[in-house]
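So the structure is just underneath, and the comments pick up after that.
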Amino acid sequence: MNNFKIGFSRRKITPQVGTRLFGYPGARVSKALHDDLLVNVLAFSSIDKIALMISADLCTLPQEMNYELRRQISAETGISPDKMILATIHTHSGPATSGSSTAEKGWGSANTEYISEILFPQTIAAAKEAVSNMQPAQMGIGEASSNTGINRRELTPDGKVILGQNPDGPYDSRMRILSFRKPEGETIVSLLHFGCHPTAAGQAPEISRDWPGYMVDRLEKETSAPAVFFNGAIGDIGPRLSNGMTTGDMELMKEVGLIAAEDAVRAFESITTYSEPKLFVKSDTLAMPYRKLPSIEEAKSAMEAMGDPEKLIEVEILEYERYKNIVAHYENNLPIETEWKFEQTYIALDSVVFVPYPLEPFCRITLNQQESSPFTHTLCLSNANGSIGYLPTKDQIPYGGYEIDSFQSHNVFILEEKAEHQIVEENTKLLNKLFNA
């Protein structure tokens, strides 16, 4: 007996109508509420181990803010921050929770009032409750193929990459579900995993979880129990909308959401066995190399070549601001960083392991991660335990496009092109240690 237990809690984290929404450049103010945003907390325990998995219906949380929230949860629960995974589903129809860095120029600044008065207290309250209501449970694993998403890097006849639909591009169609039930059979909670941008509502002014909301609500109705969504590889994956794009209106959002809902129910119905899992948790530090920083002369020259900064739009603003910050970095005699370090946490339940990516990785990267992992089910999570932007595959960089431009302009220091391979290799080393333990 592993004495496995699970606890669950959720709280509403819906902002007031009139709040500026986040996920696209330019001012976009919410005019109505379509569905409430939630923060969901799962608490796992087995013998002497305990861990938390948290999913928030938001776009992104910067690394510093993500860690600070986990630190405050730790102060209230006694669970170390390195035994928590805090991820966002990446809805583009929620409040701004990023915005103080170069990466968010043109997208608006972070809503500090919302963060301090709603997000933090509600998440902490949910975490405390989840820990306090843990009960014995068994776990079942299911899977279904889903056409909810599609590779969104569409190549136009003139050789440009746009945010559209590319049916020939990498895409992981697997929707996985972990269902937790009482020993006598009643479902306690379900965990859904699938990778796709929640951008179906486009630039509509309604507050919403986007398409995952329909999926979660339908599964909850089917199982008479809560369901939680954790997003997988989203870097180059968007919703497969009937307009041929990956953004649309609320009606198109509903169309793709109902497709996802049907797939989630099929995944649940595919579960044949339940058993009591063992919980394993491992944390370590990963380091990824940065590219060489341009000289101050090169940065000034690049800014001058871009012309009037007031006439720049979208990603151009990011690029200009990056060069501006590079100049300031030199002028303030700040240290030149050579690598990006981040604390990595893995949570495993028998043959299932969760691998956080504090980025938006391209699908091929997480497919490679799954192939190299010793675990049967390796579920990679986007925007988990932080978010510093896109992580593309090297072969896509020459084609450009929004994700590539953003990757190369996101921060003062930019990851090397080989980062896609190194992060998989470093994760695999630690996954092997965890598996063999």
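The values are calculated or read from the model by the stated rules, or taken from the named source; none is laboratory data. As the structure is a prediction and not an experimental result, all values here were calculated from the model. Glycine gets a Cβ as well: all are built from the backbone with ideal geometry, and neighbour counts include every protein chain shown. Side chains included, ligands, DNA and RNA excluded: accessible areas come from the protein's heavy atoms. Shrake-Rupley method; radii C 1.70, N 1.55, O 1.52, S 1.80 Å.
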Of all residues in segment 296-306, which are without any contact (Cβ under 8 Å) to a residue 24 or more places away in the chain and open to solvent by less than 40 Å² (accessible area, probe 1.4 Å)?
-> Ala302
Does Val265 qualify as being open to solvent by less than 30 Å² (accessible area, probe 1.4 Å), farther than 30 Å from Val412 by Cβ and in a strand (DSSP E or B)?
-> no
Here are Leu293, Leu318, Leu286: which of them is in a helix (DSSP H, G or I) and touching a residue at least 40 places away in the same chain (Cβ under 8 Å)?
-> Leu318
Please identify the pairs in which a residue from segment 367-382 that is on the phi > 0 side of the Ramachandran plot has its Cβ atom under 9 Å from the Cβ atom of a residue that is modelled with pLDDT under 95 and open to solvent by 10 Å² or more (accessible area, probe 1.4 Å), counting only partners at least 6 apart or on another chain.
-> none
Any residue at all in segment 269-278 that is at pLDDT below 95 and open to solvent by 30 Å² or more (accessible area, probe 1.4 Å)?
-> no
Could you run through segment 18-43 and say how many residues are within 23 Å of Ala126 (Cβ to Cβ) and open to solvent by 80 Å² or more (accessible area, probe 1.4 Å)?
-> 1
Inside segment 328-350, can you point out the residues that are open to solvent by 80 Å² or more (accessible area, probe 1.4 Å) and touching a helix residue (DSSP H, G or I) at 6+ places or on another chain (Cβ under 7 Å)?
-> Glu343
Give segment 210-221 a look and list any residue that's touching a strand residue (DSSP E or B) at 6+ places or on another chain (Cβ under 8 Å) and farther than 19 Å from Asn147 by Cα, or say none.
-> Glu220
Within segment 58-90, track down each residue that is open to solvent by 20 Å² or more (accessible area, probe 1.4 Å), of a type in the set (A, V, I, L, M, F, W, C) and in contact (Cβ under 8 Å) with a residue 24 or more places away in the chain.
-> Met65
Output the residue which, of all residues in segment 148-176 that are more than 21 Å from the chain's Cα centre (by Cα) and among the charged types (D, E, K, R), is surrounded by the fewest Cβ atoms within 10 Å (Cβ to Cβ).
-> Asp158
Being in contact (Cβ under 8 Å) with a residue 24 or more places away in the chain, of a type in the set (S, T, N, Q) and surrounded by 22 or more Cβ atoms within 10 Å (Cβ to Cβ) narrows it down to one of Ser145, Ser132, Ser46, Ser93, so name that one.
-> Ser93
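Identify all residues within segment 117-164 that are β-branched (Val, Ile, Thr) and within 24 Å of Ile79 (Cβ to Cβ); write none if there are none.
Answer for segment 117-164, where residues must be β-branched (Val, Ile, Thr) and within 24 Å of Ile79 (Cβ to Cβ): Ile118, Thr123, Ile124, Val131.
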Ile365 passes all but one of (1) touching a helix residue (DSSP H, G or I) at 6+ places or on another chain (Cβ under 8 Å); (2) within 17 Å of Ile237 (Cα to Cα); (3) open to solvent by 10 Å² or more (accessible area, probe 1.4 Å); (4) not charged (D, E, K, R); which number fails?
-> (3)
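So in segment 74-88, with the set limited to residues that are assigned to a strand (DSSP E or B) and not β-branched (Val, Ile, Thr), which one is farthest from the chain's Cα centre (by Cα)? Please lay out each step first, then the result.
Step one: of segment 74-88, the residues assigned to a strand (DSSP E or B) are 84-88.
Those left that are additionally not β-branched (Val, Ile, Thr): 84, 86-87.
Values: Met84: 14, Leu86: 9, Ala87: 5 Å.
For segment 74-88, the residue satisfying everything is Met84.
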Strands (runs of 3 or more DSSP E) wholly inside segment 129-204 containing at least 2 residues that are farther than 25 Å from Tyr24 by Cα and at pLDDT 95 or above | 138-145, 174-181, 187-194
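Being over 25 Å from Asp168 (Cα atoms) and under 16 Å from the mean Cα position of the chain (by Cα) is the requirement here; does Asn385 meet it?
yes
Gly23 - would you say it is at pLDDT below 95, of a type in the set (Gly, Ala, Ser) and farther than 24 Å from Leu379 by Cα?
Spelling it out, Gly23 is indeed at pLDDT below 95, of a type in the set (Gly, Ala, Ser) and farther than 24 Å from Leu379 by Cα.
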Is it the case that some residue within segment 216-223 is surrounded by 21 or more Cβ atoms within 10 Å (Cβ to Cβ) and either touching a helix residue (DSSP H, G or I) at 6+ places or on another chain (Cβ under 6 Å) or assigned to a loop (DSSP other than H, G, I, E, B) (or both)?
-> yes
Listed by first then second residue, the pairs whose first member lies in segment 270-282 and is closer than 21 Å to Gly185 by Cβ and touching a residue at least 40 places away in the same chain (Cβ under 8 Å), whose partner is open to solvent by less than 40 Å² (accessible area, probe 1.4 Å) and of a type in the set (Val, Ile, Thr), with beta carbons under 9 Å and at least 6 positions apart or on separate chains, are Ser270/Ile177; Ile271/Ile177; Pro277/Val352
